[in-house]
Amino acid sequence: MPELPLIKCWRLNKMNDQKHYCHILIIGSGIAGLAAAITAADLGLDVIVITKENDLKESNTNYAQGGIVCLGEDDSPDLLINDIISAGDGISNPEAVKILAHEGPILVEHFLVKKIGVPFRRSEGGYFEYAQEGSHSRRRILHCMDTTGMAIETSLEKKVKEICEHYNLTIPLHSLVQDVSVGIQQRVEIIKAIYRGAEILILDEPTNDIDVNTMRALEEGLLNFAGCALIISHDRWFLDRVATHILSFEGNSQVYFFEGTYSEYEENKRKRIGDDNPHRLRYKKLQ
């Protein structure tokens, strides 16, 4: 299967006449489509989003004015269940209502608020300004005045694009990643490895074929990486900035483990074995 970026987007009439590969194909770029795309990408899946418009935000979600249900300060899932059942005149599916009331507010907070960063309206003190509308008995509606849908869609679009933009990666929307340069392919693989939240990274010469901006982004990503990264590199300046431990294969097949930066390892090595710079070999002349 060809390698793709985490999320790719095409207009229907801009897809070139060839096979496109992905784990998940999503049609539409509204809140459901882009939320599914982001979640699937977080799970390590390659996603293609198809939309018929130039603007990824152009969807029904973008024009929705009302807010979205969460839980207010004096609220509870049981109160929300009662309000939904009452609004539905008692014919709502009780199990579906229970799932919505218990899991929905948690997902809104985790995904829309924390992960996507939708700028719901807040007070000067930084607290959400919940609204009360319809059959709701409590103030539990998160909103961005009368443009909540636009705010959600804009935040979703930003999240979809931020991976490539943050790492200075630009790929034409109608191009497959294998059609672009080796340098961009390298950037894509680095982005995928860091962004998907792996616990262990094994990077073999990661600074090859990348530009200065990408190298800086790579260094930043590794410095903020919470797991373990095993890096094989001849770039001693890069190692000096990111390495905390050195595993060195020295002369006579000796393996030496050192805790510290590369510069500190070099100083330690000079103290242990002296000058170990390479020397020109001398051979005995043939008679």
*State which residue is modelled with the lowest pLDDT when the search covers only segment 133-166 and only residues that are farther than 13 Å from I31 by Cβ, among the β-branched types (V, I, T) and not in a loop (DSSP other than H, G, I, E, B).*
I163
*Considering only residues of segment 39-81 that are of a type in the set (V, I, T) and surrounded by fewer than 19 Cβ atoms within 10 Å (Cβ to Cβ), which is farthest from I152 (Cα to Cα)?*
I81
*Is it the case that some residue within segment 193-202 is farther than 26 Å from T39 by Cα, surrounded by 10 or more Cβ atoms within 10 Å (Cβ to Cβ), modelled with pLDDT of 75 or more and out of contact with any Asp or Glu (no Cβ under 6 Å at 6 or more places or on another chain)?*
no
_So, in segment 82-96, exactly how many residues are exposed (fewer than 12 other Cβ atoms within 10 Å of the Cβ) and polar (S, T, N, Q)?_
1
*Checklist (1) in contact with a helix residue (DSSP H, G or I) (Cβ under 8 Å, 6 or more places away or on another chain); (2) modelled with pLDDT of 80 or more; (3) charged (D, E, K, R) applied to D211, failing item*: (2)
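The values are calculated or read from the model by the stated rules, or taken from the named source; none is laboratory data. From a predicted model like this one, the values you see are computed outputs, not experimental measurements. Every residue, glycine among them, receives a Cβ derived from its backbone with ideal geometry; neighbour counts consider all protein chains shown.
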